[in-house]
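Below: one structure, written as structure tokens.
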Amino acid sequence: MDWGLKNRLSRIINPEDNRVLMLAVDHGYFLGPVKGLEQPEKTLEPLIPHADALMLTRGLLRRCIPAESNVPIVLRVSGATSIQRDVLPDEGLTVSMEDAVRLNVSAITLSIFVGTDHERQTLMALSELVDFGEEYGIPVLAVTAVGRELGQKDARYLSLACRIAAEQGAHFVKTYYCDDFEKVTSSAMIPVVIAGGKKVETEMDVFKMAYQAIQEGAVGCDFGRNIFQNPKPVAMISAIRSIVHDNRTPDEAQEIYNELMS
Ligand code: 5RP
């Protein structure tokens, strides 16, 4: 791995413990103003100090994140679809690579839709990004999308999608936690982070998912709604952070959450 690429990746995945807690706030690229991100700057300001990196779009970055901020940026560069239509996998690249460089991002990211009619176009887009990333030293995060078209996926599917991302040259991959998750991490060849998905019932459900994913080989979490839609988002991100970086158990994380929310 070239020096620049390694340097940028180490701003995201902490080389001291090989772990990362990313905050995903890129939802608007196809969902519009989701609950909790109607006014992103208000939501983000207290959360940024607790996140190792932010995953977002260039519009949100330019409008809501101070340029003086030192938080590493994982820039979403795919999209051009919306929840209004039934073709979410029909994504293309939406950001020029010159603009990604101009924005001084630490990584670039896109979704791949393995197993859909748009598999080829999203994998070709991944290859294009990897060519660019290798040329300019910018790591590529592939997101193995799930959703309406793909349904809930199991370890067989997710390990296939993660491994394909790695074989195409992605530098790290984001996927979903599932039963037998160790099968996914052990065959991925690259670091795996997990997405949170829709907001779940209790904080403990999130803590257990994060803890199990780490135990089964994930390097960290890239959570969105389960943090910023929580009534106490700072308590939530702090508790998840304790699992990711301090090896706390779900019960210990719950104590941290309870203490901080009171
Ligand atoms: C969608 C994404 C989003 O960043 C991610 O899924 C959002 O985070 P969460 O699901 O935790 O709200 O990559 O493809």
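In plain terms, the bigger the Kirkwood radius, the slower the diffusion; for the chain, with that radius from Cα pairs, at 25 °C and 0.890 mPa s, Stokes-Einstein puts D at 134 µm²/s. Among the trypsin sites (Lys or Arg not before Pro) in the stretch 190-231, those located in a DSSP loop and surrounded by at most 12 other Cβ atoms within 10 Å of their own Cβ are Lys198. Fully extending the segment from Met1 to Asp180 would add 61.4 nm, taking 0.36 nm per residue of separation and subtracting the current Cα-Cα distance. Distance between the 7 Å Cα→Cβ label points at Lys35 and Thr202: 1.9 nm. Dividing the alpha-carbon radius of gyration of the stretch 172-262 by the rule-of-thumb value 2.2 N^0.38 Å gives 1.03.
Stretching the chain fully between Asp86 and Lys42 yields a gain of 12.7 nm (0.36 nm per residue, less the alpha carbon separation).
Exposed loop GluC sites (Glu not before Pro) only (DSSP loop, at most 14 other Cβ atoms within 10 Å): please give the longest stretch of the chain free of them, not including the sites.
It works out to 69-200.
The stretch 119-187 and the stretch 211-253 have their alpha-carbon centroids 22 Å apart.
If you run the Gaussian network model on the chain, springs between alpha carbon atoms under 10 Å, then out of Asn226, Asn18, Asn70 the most flexible one is Asn70. Neighbours of Ser186 by Cβ distance under 11 Å: Lys/Arg scored +1, Asp/Glu scored -1, total -1.
Computed from the Cβ-Cβ distance with R0 of 25 Å, the FRET efficiency linking Asp131 to Ser10 stands at 0.70.
Of the cross-linked pairs Lys6/Lys232; Lys174/Lys199; Lys35/Lys183; Lys6/Lys208; Lys6/Lys153, those separated by over 29 Å at the C-alpha level are Lys6/Lys232; Lys35/Lys183; Lys6/Lys208; Lys6/Lys153.
Per-residue 3J(HN,Hα) values for the stretch 73-87, derived from phi via the Karplus relation 6.51 cos²θ - 1.76 cosθ + 1.60 with θ = phi - 60°, read 10, 10, 8, 6, 10, 10, x, 6, 10, 9, 5, 5, 10, 8, 10 Hz in sequence order (x marks Gly and Pro). For the stretch 51-104, the alpha-carbon radius of gyration amounts to 1.27 times the rule-of-thumb value 2.2 N^0.38 Å expected for a compact globular protein. Full extension of the chain segment joining Met189 with Asp17 gains 60.1 nm, where the gain is 0.36 nm per residue of separation less the Cα-Cα distance.
Every read-out reported here was derived from the displayed coordinates using simple, explicitly stated rules and does not represent laboratory data. What you see is a predicted model; the values in this text were computed from it and never measured. Methodologically, a virtual Cβ is constructed for each residue, glycine included, from the backbone with ideal geometry; neighbour enumeration extends over all protein chains shown.
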